[in-house]
Amino acid sequence: MSASQTPHMDQPRPAAETARRSGGVQSLDRAFSLLEIMAEAGGEASLSQLADSSGLPLPTIHRIIRTLVGNGYVRQLPSRRYALGPRLIGLGDKAAQMLGTWARPHLAQLVEDLGETANLAMLDGDKVIYVAQVPSPHAMRMFTEVGRRVLPHSAGVGKALLSQLSDEDALATVRRTGMPAATERTITDPDAFLAELHRIRENGYAIDDGEQEIGVRCVAVPVKDAPSGMAVSISGPEARVSWDFVDRAAPIVRSSATLLATDLNNQA
């Protein structure tokens with residue numbers, strides 16, 4: 001589910017939409033819709049928020065949530081709000097593994113074309129998780145462990161992903177996580193970060209210029225129209241990833257992201 005395709009918390013989903021969006025079982029449609037709304041809200045929401053965003057009546061929401069709680073997919077917090085439950089973790093990990101399998105040929109082609117390490121990442125709550133990687137053949141290369149989670153404001157893939165959100169939602173994310181400086185180049189000012197997101201939307205790609213790791217430069221592109229929000233990147237040492245390299249790499253990474261989105265939609 002791409003962040004650009006999903007409604008925000010202040011844009012209700014009509015109940016009829018949740019009932020008919022897949023032509024399947026109505027209760028399942030509604031349950032998945034409520035889980036998606038929780039995810040969009042940062043992982044937790046109140047019953048009134050769920051009602052406002054889904055357009056469903058409170059008794060219906062309460063029945064569905066009670067079932068999800070009973071199966072471990074949602075948990076009730078002491079505040080009486082509801083949060084995504086631990087049983088989703090296993091499903092998410094398995095889905096990420098499958099996604100990595102589907103993405104690997106595209107990442108391998110990027111490495112062949114550009115010679116640097118290629119990554120695939122997704123938003124996991126308010127953080128970014130790396131779900132697949134194909135390493136560069138160079139002896140000195142970048143390595144990010146699959147499964148690693150990082151704050152989005154300092155990573156190229158994170159900035160690419162947040163650029164697909166509205167300004168309001170992107171700023172809400174970095175306010176929740178904070179904007180600590182990973183290096184002296186990290187953007188730590190919300191206004192400067194918002195200006196950076198505007199540049200990314202205009203250019204079609206993000207750059208991490210030593211903002212996550214000193215001496216490392218990265219080009220990242222959001223995978224638009226994919227079933228889930230994700231980004232593809234190529235990264236390497238500044239000595240090889242020059243600004244001329246960035247100009248040459250950006251359209252190649254964009255093309256890879258488009259092909260990956262097409263393949264993922266064909267799998268859906």
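The values are calculated or read from the model by the stated rules, or taken from the named source; none is laboratory data. Predicted, not measured: the structure shown is a model, and the values here were computed from it. Methodologically, a virtual Cβ is constructed for each residue, glycine included, from the backbone with ideal geometry; neighbour enumeration extends over all protein chains shown.
Quick grid of which residues meet (1) aliphatic (A, V, I, L, M); (2) loosely packed, with under 14 Cβ neighbours inside 10 Å; (3) more than 24 Å from Val174 (Cα to Cα):
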residue: Leu35; (1), (2), (3): yes, no, no
residue: Glu40; (1), (2), (3): no, no, no
residue: Ile65; (1), (2), (3): yes, no, yes
residue: Ser79; (1), (2), (3): no, yes, no
residue: Ile89; (1), (2), (3): yes, yes, no
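Only one entry in Glu184, Glu213, Glu196 is modelled with pLDDT of 95 or more, among the charged types (D, E, K, R) and part of a loop (DSSP other than H, G, I, E, B), namely Glu184. Given the structure, is Leu110 outside any strand (DSSP E or B) and either in contact (Cβ under 8 Å) with a residue 60 or more places away in the chain or over 30 Å from Val241 (Cα atoms) (or both)? Criteria met by Leu110. Quick check on my filter: what residues within segment 172-185 are of a type in the set (Ser, Thr, Tyr) and more than 22 Å from Gly42 (Cβ to Cβ)? If the condition is that a residue be of a type in the set (Ser, Thr, Tyr) and more than 22 Å from Gly42 (Cβ to Cβ), then Thr183 is the only one that fits.
Kindly check whether there is at least one residue in segment 135-155 that is part of a helix (DSSP H, G or I) and closer than 21 Å to Ala103 by Cβ. Yes; the residues of segment 135-155 include at least one that is part of a helix (DSSP H, G or I) and closer than 21 Å to Ala103 by Cβ. The condition (being within 21 Å of Val131 (Cβ to Cβ), surrounded by fewer than 23 Cβ atoms within 10 Å (Cβ to Cβ) and not hydrophobic (A, V, I, L, M, F, W, C)) is satisfied by just one residue among Gly215, Gly229: Gly229. Take the conditions under 12 Å from the mean Cα position of the chain (by Cα), surrounded by 21 or more Cβ atoms within 10 Å (Cβ to Cβ) and of a type in the set (Val, Ile, Thr) and apply them to Val157. Does it pass? When the stated conditions are applied, Val157 passes them.
Set side by side, the residues Leu120, Leu171 differ, and just one is surrounded by fewer than 19 Cβ atoms within 10 Å (Cβ to Cβ) and not in a loop (DSSP other than H, G, I, E, B), which is Leu171. Pairs linking a residue in segment 240-265 that is of a type in the set (A, V, I, L, M) to a residue that is surrounded by fewer than 19 Cβ atoms within 10 Å (Cβ to Cβ) and assigned to a loop (DSSP other than H, G, I, E, B), with Cβ atoms under 6 Å and 6 or more positions apart or on different chains, are Ala261/Asp225; Leu264/Pro227.
Would you pick out the residues in segment 156-168 that are closer than 21 Å to Pro105 by Cβ and either assigned to a strand (DSSP E or B) or in contact with an Asp or Glu (Cβ under 9 Å, 6 or more places away or on another chain) (or both)? Once the filter is applied, which keeps residues that are closer than 21 Å to Pro105 by Cβ and either assigned to a strand (DSSP E or B) or in contact with an Asp or Glu (Cβ under 9 Å, 6 or more places away or on another chain) (or both), segment 156-168 yields only Val157.
Would you be able to say whether some residue in segment 48-69 is closer than 30 Å to Thr258 by Cβ and at pLDDT 90 or above? Within segment 48-69, none of the residues are closer than 30 Å to Thr258 by Cβ and at pLDDT 90 or above. Looking across segment 222-249, the residues that are within 23 Å of the chain's Cα centre (by Cα) and not in a strand (DSSP E or B) come down to Val223, Lys224, Asp225, Ala226, Pro227, Ser228, Gly229, Val246, Ala249. How many residues are without any contact (Cβ under 8 Å) to a residue 40 or more places away in the chain and not hydrophobic (A, V, I, L, M, F, W, C) when one looks only at segment 189-212? Number satisfying all stated conditions: 10.
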